[in-house]
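The block underneath contains the structure these notes are about, expressed in structure tokens.
The values are calculated or read from the model by the stated rules, or taken from the named source; none is laboratory data. All values derive from a computational prediction rather than experimental measurement. Note that we place each Cβ from the backbone using ideal geometry, even for glycine, and neighbour counts take in every protein chain shown. Just so you know, the surface numbers come from the protein's heavy atoms only, side chains and all, with ligands and any DNA or RNA stripped out. Shrake-Rupley method; radii C 1.70, N 1.55, O 1.52, S 1.80 Å.
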Amino acid sequence: MSFVSLRAFVVVACLLLLAACGEAESEPERAPVPVVAQDIRILPEQLEVEAIGSARASTSAEIYPETEGRVTNVLFTAGDFVGRGEPLLVLDARQERLAVEAARVQVREADQLLARYRRIEDTGALSESQIEAGETALASARVALEQAQTALADRTVRAPFAGHVGLTEIDPGDRVNGTTPITQIDQRGTLYVDFPAPEAVFNALRPGQIVQVTPFSEPSRTINARVVTTDNRISQDSRDFIVRTAVPNSDDRLRPGMSFRVVFTRAGESRPAVPEQAIVWGGEGSHLFAVRDGKAVRVPVTITARREGLVFVDGALRRTDRVIVEGVQKVRDGQVIRLVRNGSGTEQRVQVREPQARTSPSADAE
């Protein structure tokens with residue numbers, strides 16, 4: 001190699017060495033990134049179940065007449081509140097009244113005849129069998145009177161209990177019989193809301209438990225309904241069961257037949273719960289950063305539920321892990337971090353800044 005070539009090689013090598021030194025000085029070692037971390041919490045998920053329920057009166061009956069006949073009077077209007085035993089409808093009862101009068105006459109005659117028998121009983125003019133026949137006749141007449149009075153009472157249809165009556169299609173002059181519906185009567189001070197619940201929550205609903213119901217007629221109104229009972233069977237077709245709840249209706253704003261949105265929660269599987277701000281979304285889905293040995297470790301997670309600022313996640317987390325809740329956008333997997341404060345569930349505020357690059361000695365000299 002000539003002297004000129006050797007000199008050129010040495011110059012090039014020196015230039016490369018100087019460039020490498022300049023790059024090393026311009027790219028100093030990155031300082032740990034300050035972050036805030038919190039301990040994870042293991043909590044049971046609160047699973048929310050929704051259903052559609054229908055209301056019915058706590059006591060309800062469809063009213064039919066006991067016998068057939070012509071209607072002479074309708075004594076109620078739809079929506080009226082009636083007391084127990086209050087008359088609702090009257091049938092023509094002329095024959096029944098005559099039958100009662102005839103029965104009373106028979107009772108009176110039988111009683112008078114037996115009284116005459118008693119007066120001459122000690123004279124021996126009558127046998128014992130004749131006196132017994134007189135007693136039997138009086139008893140039979142009294143039974144006939146009660147039957148006639150019952151038939152007369154059946155000509156008036158009465159309310160079986162106190163409640164509100166509904167519409168009727170019966171007018172005076174109509175003929176009715178034992179299969180003719182008169183009206184519906186409901187006790188609606190308390191309504192029952194029945195709804196189907198999935199088989200998975202069978203053991204989670206017990207009498208006395210409270211669920212939230214919302215009438216579709218008033219979407220902004222939420223009512224606490226108490227579970228009264230549950231069906232003792234699971235439907236083989238739909239795999240659900242019926243739950244009956246009681247809803248107070250003292251203001252009479254609700255009606256039987258209304259539909260309700262029913263919501264209740266049950267405790268699910270216990271999972272790690274972390275603050276929402278700890279979750280990072282990327283092209284491969286969601287993940288978070290756990291603090292392990294002073295470094296940020298990327299842990300892919302699946303969000304299973306949310307509750308009051310917390311997210312329940314499924315991933316390779318340990319019970320002793322702490323997750324980064326502030327500064328997550330500044331860290332990478334395996335990066336050394338510096339805990340500004342070790343969070344324990346309370347909100348913390350820090351300002352995260354990029355570490356400033358150190359200046360080279362030559363720049364300081366200038």
Completion exercise
Subset of segment 277-290, residues touching a residue at least 40 places away in the same chain (Cβ under 8 Å) and in a strand (DSSP E or B), comes to Val280, Leu288, Phe289
Completion exercise
Of the candidates Thr190, Thr180, the one satisfying the condition of being outside any strand (DSSP E or B) and surrounded by 12 or more Cβ atoms within 10 Å (Cβ to Cβ) is Thr180
Fill in the blank from the handout: All conditions in (1) open to solvent by 80 Å² or more (accessible area, probe 1.4 Å); (2) within 18 Å of the chain's Cα centre (by Cα); (3) hydrophobic (A, V, I, L, M, F, W, C) are true of Trp281 except (2)
Completion exercise
From the option list Ala137, Ala99, Ala37, single residue qualifying as at pLDDT 95 or above and open to solvent by less than 70 Å² (accessible area, probe 1.4 Å) is Ala99
Practice task
Please specify each residue of segment 208-223 satisfying the condition of being open to solvent by less than 90 Å² (accessible area, probe 1.4 Å) and more than 16 Å from Arg266 (Cβ to Cβ).
Solution key: Val213, Thr214, Pro215, Ser217, Glu218, Arg221, Thr222, Ile223
Problem - Total residues in segment 227-252, condition charged (D, E, K, R), over 16 Å from Glu50 (Cα atoms) and in contact (Cβ under 8 Å) with a residue 12 or more places away in the chain - result: 2
Problem - Residues located in segment 305-329, provided they are open to solvent by less than 20 Å² (accessible area, probe 1.4 Å) and under 25 Å from Pro32 (Cβ atoms) - result: Asp321, Val323, Ile324, Val325, Gly327, Val328
Fill in the blank from the handout: Exactly one of Thr72, Thr59 is among the polar types (S, T, N, Q) and either at pLDDT 95 or above or in contact with a helix residue (DSSP H, G or I) (Cβ under 9 Å, 6 or more places away or on another chain) (or both), and that residue is Thr72
Handout entry: Number of the exception - Arg332 against (1) in a strand (DSSP E or B); (2) at pLDDT 85 or above
Key = (1)
Handout entry: Lone unmet requirement of (1) assigned to a helix (DSSP H, G or I); (2) at pLDDT below 95 for Leu152
Key = (2)
Practice task
Give the number of residues within segment 57-67 that are assigned to a strand (DSSP E or B) and open to solvent by 30 Å² or more (accessible area, probe 1.4 Å).
Solution key: 4
Practice task
Could you list, in sequence order, all residues of segment 284-304 that are open to solvent by 20 Å² or more (accessible area, probe 1.4 Å), hydrophobic (A, V, I, L, M, F, W, C) and within 26 Å of Leu47 (Cα to Cα)?
Solution key: Ile303
Fill in the blank from the handout: The condition from (1) touching a residue at least 60 places away in the same chain (Cβ under 8 Å); (2) open to solvent by less than 30 Å² (accessible area, probe 1.4 Å) that Arg70 misses is numbered (2)
Completion exercise
Of the residues in segment 40-53, those that are surrounded by 15 or more Cβ atoms within 10 Å (Cβ to Cβ) and either closer than 30 Å to Pro219 by Cβ or without any contact (Cβ under 8 Å) to a residue 12 or more places away in the chain (or both) number 5
Exercise for the section: Go through the residues of segment 85-98 one by one and say whether even a single one is out of contact with any helix residue (DSSP H, G or I) (no Cβ under 9 Å at 6 or more places or on another chain), closer than 30 Å to Ser217 by Cβ and of a type in the set (Val, Ile, Thr). Expected result: no
Exercise for the section: Hey, could you check segment 40-55 for residues that are at pLDDT 85 or above and in contact with a Phe, Trp or Tyr (Cβ under 7 Å, 6 or more places away or on another chain) and say which is farthest from Val291 (Cα to Cα)? Expected result: Ala55
